[in-house]
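Reading through the structure tokens given below for one structure.
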Amino acid sequence: MLLASGVKIDKKDVSIIPVIIDTDAHNGDTARTRDILKNYYDIRKTFVNKAVTPDSQHFFSTPISSFNRLNQDNAENADLDVQFNFQNQDTTFANFINHSGLDQVNKDVIELLYNDSLDEHPELHLNLSVGFKGNPNIGSVVFNELADSPHFKNFESNFTSGDRVFIISSIFGGTGSSGFPTLVKMMRSSTNQNLAQTNIGAITVMPYFNVETDDKSAINSAIFDTKTKAALAYYADDKFIKSINALYYISDNKKPGALPNVEGGKGQVNNGHVVELISATSIIDFINRSDSDLQTPQAFEFGANQDGNPFTIKDFSLTTKDKYIKHLVHFAYASSIALQYVPTLTKETFYDKKELNIDNSLGVPNGYQKILAFFNEFSNWTSKEMNDSNSGRAFISFNFDTDQHLNNMIHGGELKTGLFNKGLSKSKIAEMLTRNEVNEPKDMPIPEKYLNMLYKTAFQCTSLKGELP
Amino acid sequence: MQLSIFSTLYEFAIGQNQDYPEYDEVVFSSVGWLTLAAALLIAFLFYIVLGRMKPIWHHTSHWFITAFLTGILGFAIAFALSKDELQISPDGYLIRFACFNLLYAMIYYFICSLLLKHFSIFSKRTPF
């Protein structure tokens, strides 16, 4: 979402290669993430001119590419692959380590380390296709297999000087807490010196929500903090973790409410959370740091102006608002305009079939549906998911409930109006849209004109709004 | 040459008036030029002034209303100038002349629309 909003990356030639590593083959949130990354990729191909670079003032300005096509000339025309596949996932941990083939002594050692019962919380007999169910002691073994996977080997062999890595993980689950140190170790031990010596950034997300109590579930938020302390103690002594150039930490001690307790699979779809948004800013921060900045390993924590609960835009510092939140505000205006205003302004010039041809979905029905779906996803993410105090600390940011004006779109930052000043009224928005669209070059492809129009109009809305709360 | 263009247009529509040669000598030319200028001015106001300033009068329905008002103005120009020049009570010929000038005014407005719409912002695609 940050990249879609046009958050500025200070370098022209950056491309981001997202990689998801999750053994939970059907995880609902993983599927959602995959879909939105693919949508971003497709939208950028259709709506953004190739000359736009990450430091441009534009939505979707930063390219993302597939880890699977790093060495191909037609990489940008391929579909986006974002997930590493683990081999032999649909099996139990016992089969994975060939427990039945071990001699008795080794079997006994294994059974000391892992619960071999078949109750509701198996360890040795855990089916790996649903992830590690909060067991990093299992994950740390399985993850070692990643080094032999074709995906990792491809990634390793194509890693060049100047490339960087950023690892995002949680510390209180199974996959992140085991995968993170294993990944760092694999990279620092690589035979490809570019990878071994690269700048590595990472964010380790500590507990920020609770789950409902369920005795049958392997997930218990009462021990999240305990797991966190254990993992942090391990990290503190691990030479590979200590070699990370920029390690970011975040957590939230205010955790009202509780999420449904779903161990994994399709049903694990949690609402977005402001901690996740803030975590994402660490990636941008890391990319924007120079190599000299990263020479000495350092750690970072996030600071806000106020400890608001619920959290609002005014609680962020000026720096955060300027670097990140301002762009989300632009995108919020654009989303609202695209979803609620453009389809209704049928008599305006920009709507005409000889201009943007909105009735005919800009001439790219598939692309148009994707971008509207993306805007809709953004709108739900900000105004519904992060707004929900059942999922932990709520973040109240934008209000998309009105289609007559945008004066109240920013929570806590209402635009003042008067008798002769209606602010961001529907007619004002129509005027800005038409002016911006008509000003675009005649030979520009229609989808690019559409997104440019939205960007410029959203930018003007933000300017008219003035200072953020 | 200028006299004959408008004379041809009007006499084609309503025929010659043998009783009042002033139509052919004076009235047709002055009404013709004034009507054309009025249509151009109105189209200019619609497309260039209002059409670039604010989207308040730019829809197709507004265009049709403006075209109709231009026609009314054309009628009024023909009626008033004829009556003033000839000092007569309105007769059938005068009324027919005014009615056809209403139609010509709307046609002039349509032609000026085609020429000026591309310079507009909010009326660029009005009426098509």
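Between the amide H of A:Glu123 and those of A:Asn115, A:Ser117, distances stay under 5 Å, these residues lying 5 or more places away or on another chain, with hydrogens modeled in the peptide plane.
Which trypsin sites (Lys or Arg not before Pro) from the stretch A:19-50 combine a DSSP loop assignment with at most 10 other Cβ atoms within 10 Å?
Here the sparse-neighbourhood loop sites are A:Lys50.
When chain A is described by a simple charge dipole with +1 on each Lys and Arg Cβ and -1 on each Asp and Glu Cβ, the residue from A:Ser177, A:Leu124, A:Ser361 located farthest towards its positive end is A:Ser361. May I ask for the angle, rounded to the nearest 10°, between helix B:60-86 and the longest principal axis of chain B, with both axes built from Cα atoms and the value confined to 0 to 90°? The angle comes out at about 20 degrees. Helix B:28-44: angle to the longest alpha-carbon principal axis of chain B, degrees 0 to 90, nearest 10? In chain B, helix B:28-44 runs at an angle near 10 degrees to the longest axis.
If neighbour count is taken as other Cβ atoms inside 10 Å, put A:Met1, A:Met386 in order from fewest to most.
Details: A:Met1 19, A:Met386 25.
With the fewest neighbours first, A:Met1, A:Met386 line up as A:Met1, A:Met386.
Nearest 10 degrees is fine. How inclined is helix B:92-116 to the longest principal axis of chain B, computing both from alpha carbons? In chain B, helix B:92-116 runs at an angle near 30 degrees to the longest axis. Amide H neighbours of A:Gly134 under 5 Å, counting only residues 5+ apart in sequence or on other chains, H built in-plane at 1.01 Å? Residues meeting the amide H criterion: A:Gly174, A:Thr175. In the stretch B:2-119, one over the average inverse separation of all distinct C-alpha pairs is 14.8 Å, which is the Kirkwood hydrodynamic radius.
Residue-wise HN-Hα couplings along the stretch A:161-171, as the Karplus relation 6.51 cos²θ - 1.76 cosθ + 1.60 with θ = phi - 60° gives them from phi, are 5, x, 6, 10, 10, 10, 10, 10, 8, 9, 10 Hz; Gly and Pro carry x. Restricting the calculation to Cα atoms, the stretch A:138-294 shows an Rg/Rh of 0.99 when the hydrodynamic-style radius is the Kirkwood one.
Each pair of Cα atoms in the protein assembly as shown enters the Kirkwood radius, and Stokes-Einstein at 25 °C and 0.890 mPa s then converts it into a translational diffusion coefficient of 85 µm²/s. Applying the Karplus relation 6.51 cos²θ - 1.76 cosθ + 1.60 with θ = phi - 60° to the stretch A:392-400 yields 3J(HN,Hα) values of x, 4, 7, 10, 9, 10, 10, 10, 9 Hz, where x marks Gly and Pro. Once backbone amide H atoms are built at 1.01 Å from N, A:Val205 has A:Ser169, A:Ser170, A:Ile171 as its partners under 5 Å, excluding neighbours fewer than 5 places away on the same chain.
If the convex hull of the alpha-carbon atoms of the stretch A:318-465 is projected onto planes in all directions, what is the mean projected area in square nanometres?
Average of the hull's projected areas for the stretch A:318-465 equals 9.8 nm².
Beta bridges assigned by DSSP with both partners in the protein assembly as shown are antiparallel in approximately 15 percent of cases. For the stretch A:393-469, the set of GluC sites (Glu not before Pro) satisfying both a DSSP loop assignment and a count of at most 16 other C-beta atoms within 10 Å is given as A:Glu414, A:Glu467.
If you find the alpha carbon centre of the stretch A:234-264 and of the stretch A:349-417, how far apart are they in angstrom? That distance is 32 Å.
Only helices enter the 222 nm calculation for the protein assembly as shown: every DSSP H run of n ≥ 4 contributes -39,500 (n - 2.57), and dividing by all residues gives -13000 deg cm²/dmol, rounded to 500.
Bear in mind these aren't lab numbers, they're just calculated from the coordinates by the rules spelled out. Everything numeric in this text was worked out from a predicted model, so none of it was measured. Heads up, the Cβs are rebuilt from the backbone with ideal geometry, glycines too, and the neighbour counts pull from every protein chain shown.
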